[in-house]
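K.L.:
Here it is, the structure, as structure tokens.
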Amino acid sequence: MTELIPAPRSVVAGSGEMRLTAHSRIHAGHGTEGVGHWLRTVLRQATGLPLREGCEPDDTGGDGIGLRLGPGLGPEEYRLVSDGDGVLLEGGSAAGVFRGAQTLRQLLGPEAFRRAPVRRDRIWAVPYVTIEDSPRFRWRGMMLDVARHFTPKEGVLRQLDLMAAHKLNVLHFHLTDDQGWRIEIQRYPRLTEIGSWRARTKIGHRASPLWDDRPHGGHYTQDDIREIVAYAAERHIGVVPEIDVPGHSQAAIAAYPELGNSDVVDTASLTVWDTWGINPNVLAPTDNTLRFYEGVLEEVLELFPADAGPFSSFVHIGGDECLKDQWRDSDIAQKRIGSLGLADEDALQSWFVGHFDRWLAARGRRLIGWDEILEGGLAPGAAVSSWRGYSGGVTAARAGHDVVMCPQQYVYLDYRQDAGPDEPVPIGYVRTLEDVYRFEPVPSELTGEEAARVLGAQANVWTEVMEDQGRVDYQTYPRLAALAEVAWSDLPAPADRDFADFERRMTAHYRRLDALGVAYRPPTGPLPWQKRPGVLGRPIDGPPPHQ
């Protein structure tokens, strides 16, 4: 019972247990019908019990489950009471009830996470307990990069289920980059006909001599996207799409060469990039480029409705690692700087970002971008994903911008988990499970008013060195469980956090991950088939910079 992850705010244990039987019912009160359907489906699969619909919210016969909205509770707050009358789960909204349903599933044991019963004689019991719980942060996210290595639709749906099991509520969906364009745009078909696949792929870090000479590609149709968004919404997860501009755009330029700086480079000869790093081929700051991406975003807004889940009014435009060399050499770009009366190329990027901030705002949406969008000035309504440490988040919050904290030194899950030689494709700083558990999203130098600008935190799953689902699992888990607790639970200061207790609770959580089929990194190190001997990584010596 005390092995819950993330840790609840309050747990008061009783004496006894409520057993689910063939006669048990689930009643979903008004406003909780969707949660009831989800809970009935997953528990029927795992238990084999019929779990029919109950008639009244309080008439569960002592062995059933009642779901209802609870007045006075916050939107994601819930109260779970298990006693002689059965289980009553109340939430301030359907999202709160759903978060509580995840706790209930954990109380039933690891086998409750399976898709079919493994023992017909299994006794399914919920201990008598009262749990009161609510999240610390509103934004509790994971960024999934499907541009570098494509994740098929079924894999995305699986990630949403895993996020839901950890009470995460935002999928930041990185859909475009130099190495691939993954979303169908009907008015620009070459984005997927040409931009969604590359002829070969670098294996390991860009300095590696190894190549995978098989073509790599894939994209989501518009109906695939609609399905993903709807599936997420059923789990009270919002999907924030990222369409990267003005850098990280070679796949788009390969499909439509006029988008690039054709007066300084032969854009017609560019192909989708097959290696990693920061690419010099960036978008041209022309009216044609603006109109093109307005057309892209018009379809994106239709596919990602503003009311489809938490923070689904946001659209991420990237804005990171935009090299300015081509703009410096381009007569077209320099004339644009002059005609706009701008100071330099940084100001030109600010103008580019500001255009789409205004364009999105006029349609009732909000722009969010990586912290480079602060350079040259940032439009008032924009929000910032702070990835280059804490400084971008501090600057943004002090300037009145909302912030999502995702500093690479702590929550980049492509970074290696151990310094040992067996770690597959070692990248970046060593970030252990304990390091992630001691991550603090709110910079200490912020005032209370400034700290309120921190919407929350997310972990970023960049997939340059993650070629398949198993590698994504290995890098992501168990560290995402630690991030989930950091974002949900009201933990003490990092130095005072009880990591030993978290490790103890993880012992039970590993069995849940096993039931879910997650190929996580074992606490003792990689299994033989999880290693990647001879594949060059990018180790960084020394400790990472701190807050």
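Quick note: the coordinates plus some simple rules give every number you see, no bench work behind them. Since we're looking at a predicted model, the values are computed, not measured. Glycine also receives a Cβ, built like all others from the backbone with ideal geometry; neighbour counts cover every protein chain displayed.
K.L.:
Going by C-beta contacts inside 10 Å, put Lys531, Lys324 in order with the fewest on the left. Please report the intermediate quantities before stating the final value.
P.N.:
Values: Lys531 15, Lys324 18.
Ranked by crowding around the Cβ, least crowded first: Lys531, Lys324.
K.L.:
Checking the cross-link filter: which lysines have an alpha carbon closer than 23 Å to that of Lys153, excluding same-chain neighbours under 8 positions apart?
P.N.:
Lys153 reaches Lys167.
K.L.:
For His27, which sequence-distant residues (separation of 5 or more, or a different chain) have an amide H within less than 5 Å of its own amide H, given hydrogens modelled in the peptide plane?
P.N.:
Residues meeting the amide H criterion: Gly54, Ile65, Gly66, Leu67.
K.L.:
While we're looking at this one, here's another question. Any chance you could give the angle, 0 to 90 degrees and rounded to 10, that helix 287-303 forms with the longest Cα principal axis of the chain?
P.N.:
It works out to around 10 degrees.
K.L.:
Would you mind pulling out the separation of the Cα centroids of region 337-385 and region 506-531, in Å?
P.N.:
Rounded to whole Å, the Cα centres lie 42 Å apart.
K.L.:
For Met143, list long-range residues whose amide hydrogen, built 1.01 Å from N in the peptide plane, is under 5 Å from its own amide hydrogen.
P.N.:
Distant-sequence amide H within range of Met143: His172, Ala459, Asn460, Val461.
K.L.:
Right, something else. Can you put Leu483, Leu301, Leu491, Leu191 in order of Cβ neighbours within 10 angstrom, beginning with the fewest? Intermediate results must be reported in sequence, preceding the final value.
P.N.:
Values: Leu483 28, Leu301 17, Leu491 20, Leu191 24.
Ordered by Cβ neighbours within 10 Å, fewest first: Leu301, Leu491, Leu191, Leu483.
K.L.:
Quick one: Cα centre-to-centre distance for region 177-245 and region 75-126, in angstrom?
P.N.:
For region 177-245 versus region 75-126, the Cα centre distance is 35 Å.
K.L.:
Turning to a different aspect of this structure: Treat every Asp and Glu Cβ in the chain as -1 and every Lys and Arg Cβ as +1, leave all other atoms uncharged, and give the resulting dipole magnitude about the Cα centre to the nearest 20 debye. If you can, show how the numbers build up before the last one.
P.N.:
Details: 58 positive and 77 negative charges, 257 e Å.
Dipole of the chain, to the nearest 20 debye: 1240 debye.
K.L.:
What angle, in degrees between 0 and 90 and rounded to the nearest 10, separates the Cα long axis of helix 499-515 from the longest principal axis of the Cα atoms of the chain?
P.N.:
In the chain, helix 499-515 runs at an angle near 90 degrees to the longest axis.
K.L.:
A follow-up question, please. Under the Karplus relation 6.51 cos²θ - 1.76 cosθ + 1.60, θ = phi - 60°, what is the ordered set of whole-Hz ³J(HN,Hα) values for region 334-344, x standing for Gly and Pro?
P.N.:
Each residue of region 334-344 in turn: 5, 5, 5, 4, x, 5, 8, x, 8, 7, 6 Hz.
K.L.:
While we're on this one: At a Cα cut-off below 28 Å, give the lysines reachable from Lys335, other chains included and same-chain residues fewer than 8 away excluded.
P.N.:
Correct list for Lys335: Lys324.
K.L.:
Starting from region 106-161, pick out the chymotrypsin sites (Phe, Trp or Tyr not before Pro) whose DSSP state is loop and whose Cβ has at most 12 other Cβ atoms within 10 Å.
P.N.:
On the way: sites: Phe113, Trp124, Tyr128, Phe137, Trp139, Phe150; in loops: Phe137, Phe150.
Within region 106-161, no chymotrypsin sites (Phe, Trp or Tyr not before Pro) qualify (loop, at most 12 other Cβ atoms within 10 Å).
K.L.:
By how many degrees, 0 to 90 and rounded to 10, does the Cα axis of helix 222-234 deviate from the longest principal axis of the chain?
P.N.:
In the chain, helix 222-234 runs at an angle near 40 degrees to the longest axis.
K.L.:
For the chain, compute the orientation-averaged projected area of the C-alpha convex hull (one quarter of its surface), in nm². Provide the component values of the computation, followed by the final result.
P.N.:
Values: hull surface 101.5 nm².
Hull-based average projected area comes out at 25.4 nm².
K.L.:
By counting other Cβ atoms within 10 Å of each Cβ, how are Tyr78, Tyr510 ranked from fewest to most? Don't skip to the end; give the middle numbers.
P.N.:
Numbers: Tyr78 28, Tyr510 17.
Least to most surrounded, the residues fall as Tyr510, Tyr78.
K.L.:
Which loop trypsin sites (Lys or Arg not before Pro) in region 196-292, with loop taken from DSSP, have no more than 12 other Cβ atoms within 10 angstrom of their Cβ? Don't jump to the answer; show the numbers that get you there.
P.N.:
Numbers: sites: Arg198, Arg200, Lys202, Arg206, Arg226, Arg235, Arg291; in loops: Arg200, Arg206, Arg235.
Qualifying residues, ordered by number: Arg206.
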